[in-house]
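Encoded as structure tokens, the structure appears first; notes follow it.
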Amino acid sequence: MSFHPQMPYGTPQWHRSERVLADEGPPFAFTPENRQKLEEIASHYPPERRVSAVLPALYLVQEQQTHLTGNAMAHVAEVIGCSRAHVEDVASYYVMFFTKPVGKYVLQVCRTLACALNGAEHVTAELCRQLGVAPGGTDAAGEFTVMEMECLGACDRAPVVMVNNEHWHECQSPEAIQALIRDLREKGVAALTGCHHTKE
Amino acid sequence: MEKVTFTIDGRQVSVAKGTTVLQAAIEHGIQIPYYCYHPGLGVDGSCRVCLVKIEKMPKLQVSCSVVATEGMVVDTRSPEVVEARAGVFEFLLINHPLDCPVCDKGGECPLQDFSYAFGRKESRMEFPRRTFDGEGVRADVDFGPTLMLNRNRCIMCTRCARFMRDVAGDEQIGIIDRGYGSEIATFREEGVHSVLSGNLMDVCPVGAITTRDYRFKSRPWDNPNAVDTICTGCEKGCNITVWIKAKPEWAKGSQLARITPRYNADVNQYWMCDIGRFGYHWVEGAERLSAPLVRKADGALEATTWDAALKALADRLGRADWGGVRFALSAHASHEEMFALGRLAMALVGDAAQSSIGVGWNVSAKPQAGATRFTVPDVDAPNVGGARAFGLVEGERPTPTVASLRAEVEAGRVKALYVLDPGPAGAIGDLSWAVAARKDGRLPLLIAQGPVATDVTRAADIVLPGCAWVEKDASYANMQGRLQAASQGILPPGDARDDWRILADVAAALGVPLGYDSAHEVRQAIAATLGSEPAVAGIAALEFRRPAPAATWLQASNPMERLKWDFLFQDVLPLKFENTRDPGHRAGEKT
């Protein structure tokens, strides 16, 4: 930076960090509707605590463009009025913020105790087999992403799968998950009922 | 102030109400290790090494976040505490690379010292260490224009993140990821871009953040001397310590190893800016003047002796009309130099002396966040306060007064211009008009006094080499009007002389001696004439420091001393000043 005194640093031999960064991405700005939504959410917090709206703002970004990019995080920082490092700090802390592109449907299979005991791993394996991906991967069509998550809070109806941070599909089994994928492919988001099955 | 009295290791201590147990222990020299606590940054409670046992509390407590209360009984040495603390150290060192032999912090590292004092002898960890950016120095990655970051060494105390958030007011550092994978990082690895970035090296308790300037340059024990002085980069007057490398006189290379801030509650707290910290290289740069220069008949400047230069000056100036002599003074000049110049002007110009001196300095806005708690002032000169005390500039926020001088010079009414600028090149502000006037003959004689070759010295007829601030004892008044002493750390190069002495020599050569034999006499004369002025009050009694062996600190890997030292090199009295070394002052000069 220009205000720093000139320093004879010698030959630069240092290198960049190997930290995996989110893509820079295309230029990003909230759509007017999302911007309005954000302001509405931010109004729930006291003005001096506007920074608290970072989490909902990041969710809004994911609604708008599926995953977080460098430009999107910079835009959130600007809109919220906090530093960009703070936004990256928050976004990297929580696993439900995606810094890599994901499919249209993100299928998150719980793998914590209750679900694991009820065979969540078979659900994951079946999902991966059906879609031809590894856990964490996205299928070739860019439609489905399979992820293993920690407790989703529906232990009494294990194993549970959450789709797009919103819709629970409970009491899953390898067979039921096949039906879910088929429904999603045929009916789209309409198949996402957020259903709460009762245990048979 | 309300006090509370409590017992710590069987000792009754009395501290101000609201003091934490850790602060009380540090104040009373009781050994408790700590990392995340820093007196300038406050309590975080994330490192967990300052564990102590407090009676009637069920578990061990982190002393940094327990406020001392009346009658509390604290034990820092019970077997329980010792074992728990060693356990925490074992965890801190699980992933620490222990590359102390190649780490810049080695020898002055709190992690090293406290681990020796409080940690286990060996680790029980059998697995490979987690690495972030590769092994060894390969892991040193770019962290902005001044810093390097090694994440493997980091112990996640978050001092750097809190410094940027709380002191710089610009949260550029965050903690990326979580738990085991946490790392200190800036947004998209763009690095820290702050005028306060150098302080991150100071607050880092391990070798994770190092400055590019000091990197691989010297080991702490290669800097055997350190002198407590002040920075003269701007009107803030930060208190600093200048570290001086061991170097025989004939060896090449620089002596100044680095500059670190020194605690002063009223001026700079624990911090300093990068401009002062890294901008000292000109002192030992290639542009330094080491001998007087006189312009010969063929137009070339030629190095000569002081006698010859002063004789040439007396010849040239003796022929000029003394009433037409004018002075351009940089606000980098100390009280002594301003006063001596004032006396010289009085002898030459007479009653109009004050109006014959134009004072110049630079003003530049520093890019800082509005929320910063450490503002770097715009005025890039240390002694505007002095210039005001001597009546050379006026007003609450005085402006440079070279404009009228410039008009006179450009009108060709000035017979000789004497430029005194003890600062780095260009510190006096724009003097290109004087250079132009000398070149086209409107200015018959240009005399330049200063430490570095500049456009002015290149155009001058006579050049007198002066000292940089770290080469002389001098006093300055900062923006608060506070009188501070800048002490000599190293010797000036070649024949360069202390600036007040050059002025005295010039006066003597012109046959109007000022009658001062030492800087102390100049200060006494200032006290006698201007003693009531707050900016110079007490100047005759000002104490100057001498380079003191830093070994007294480094040998004290005895954490008792180091606890104090970790307060960022603040004074460790009386050890530091007893064992002084004279840097070769001229005989007879009182210091």
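The values are calculated or read from the model by the stated rules, or taken from the named source; none is laboratory data. It should be emphasised that the depicted structure is a prediction, and the values quoted were computed from it without experimental measurement. Cβ sites come from the backbone with ideal geometry, for glycine too, and all protein chains shown count toward neighbours.
Residues to consider are B:Gly87, B:Gly45, B:Gly40, B:Gly106; find the one that is touching a Pro at 6+ places or on another chain (Cβ under 9 Å) and within 30 Å of B:Asp140 (Cα to Cα). Steps first, answer last, please.
Numbers: B:Gly87 fails: touching a Pro at 6+ places or on another chain (Cβ under 9 Å); B:Gly45 fails: touching a Pro at 6+ places or on another chain (Cβ under 9 Å); B:Gly40 fails: touching a Pro at 6+ places or on another chain (Cβ under 9 Å).
Sole residue among the options that is touching a Pro at 6+ places or on another chain (Cβ under 9 Å) and within 30 Å of B:Asp140 (Cα to Cα): B:Gly106.
A count restricted to segment B:83-132 and to residues that are in a helix (DSSP H, G or I), hydroxyl-bearing (Ser, Thr, Tyr) and surrounded by 14 or more Cβ atoms within 10 Å (Cβ to Cβ) stands at 1.
In this structure, B:Cys238 qualifies as closer than 27 Å to B:Val283 by Cβ and in contact (Cβ under 8 Å) with a residue 12 or more places away in the chain. Could you give me the residue pairs with C-beta distances under 6 Å whose first residue belongs to segment A:69-95 and is assigned to a helix (DSSP H, G or I), whose second residue is hydroxyl-bearing (Ser, Thr, Tyr) and at pLDDT below 95 wherever it lies, and which are 6+ apart or on separate chains? Once the first residue is assigned to a helix (DSSP H, G or I) and sits in segment A:69-95, its partners that are hydroxyl-bearing (Ser, Thr, Tyr) and at pLDDT below 95 give A:Ala85/B:Thr186. State the number of residues belonging to segment B:283-323 that are without any contact (Cβ under 8 Å) to a residue 60 or more places away in the chain and either in a loop (DSSP other than H, G, I, E, B) or surrounded by 17 or more Cβ atoms within 10 Å (Cβ to Cβ) (or both). Selection size over segment B:283-323: 7. Does A:Arg182 meet the test of being crowded, with 16+ Cβ neighbours inside 10 Å, of a type in the set (Lys, Arg) and modelled with pLDDT under 90? No, not satisfied. Scanning segment A:18-76 for residues that are of a type in the set (Lys, Arg) and more than 14 Å from every other protein chain (Cβ to nearest Cβ) gives A:Arg35, A:Lys37, A:Arg49, A:Arg50. In the set (1) farther than 30 Å from B:Met164 by Cβ; (2) surrounded by fewer than 24 Cβ atoms within 10 Å (Cβ to Cβ); (3) in contact with a helix residue (DSSP H, G or I) (Cβ under 9 Å, 6 or more places away or on another chain), the condition left unmet by B:Lys366 is number (1).
Could you run through segment B:119-174 and say how many residues are hydrophobic (A, V, I, L, M, F, W, C), closer than 14 Å to B:Asn199 by Cα and more than 9 Å from chain A (Cβ to nearest Cβ)?
Applying the first criterion (hydrophobic (A, V, I, L, M, F, W, C)) to segment B:119-174 yields B:125, B:127, B:132, B:137, B:139, B:141, B:143, B:147-149, B:154-157, B:160-161, B:163-164, B:167-168, B:173.
Adding the requirement that they be closer than 14 Å to B:Asn199 by Cα leaves B:143, B:147-149, B:160-161, B:163-164, B:167-168, B:173.
Narrowing further to those that are more than 9 Å from chain A (Cβ to nearest Cβ): B:147, B:160, B:163, B:167-168.
So the count comes out to 5.
Taking the conditions (1) in contact (Cβ under 8 Å) with a residue 24 or more places away in the chain; (2) assigned to a loop (DSSP other than H, G, I, E, B) in turn, B:Gly515 satisfies each one other than (1).
This table checks each residue for (1) aromatic (Phe, Trp, Tyr); (2) at pLDDT 90 or above; (3) over 21 Å from B:Leu443 (Cβ atoms).
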position	(1), (2), (3)
B:Trp243	yes, no, yes
B:Lys247	no, no, yes
B:Asn264	no, no, yes
B:Arg295	no, yes, no
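Checking each residue in segment B:180-194 for being within 25 Å of B:Cys273 (Cα to Cα) and more than 7 Å from chain A (Cβ to nearest Cβ) picks out B:Ile184, B:Glu190, B:Gly191, B:Val192, B:Ser194. Can you say whether B:Ala486 is closer than 23 Å to B:Asn225 by Cβ, in contact with a strand residue (DSSP E or B) (Cβ under 9 Å, 6 or more places away or on another chain) and among the hydrophobic types (A, V, I, L, M, F, W, C), as far as the supplied structure shows? It is true that B:Ala486 is closer than 23 Å to B:Asn225 by Cβ, in contact with a strand residue (DSSP E or B) (Cβ under 9 Å, 6 or more places away or on another chain) and among the hydrophobic types (A, V, I, L, M, F, W, C).
Does A:Arg19 fit the bill of being free of Cβ contacts under 8 Å to residues at least 12 places away in the same chain and either outside any helix (DSSP H, G or I) or basic (Lys, Arg) (or both)? Reasoning before the result, please.
Numbers: free of Cβ contacts under 8 Å to residues at least 12 places away in the same chain: yes; either outside any helix (DSSP H, G or I) or basic (Lys, Arg) (or both): yes.
Yes: the conditions hold for A:Arg19.
Count of segment A:86-103 residues, restricted to those that are farther than 11 Å from B:Phe187 by Cα and in contact with a Gly (Cβ under 7 Å, 6 or more places away or on another chain), is 1.
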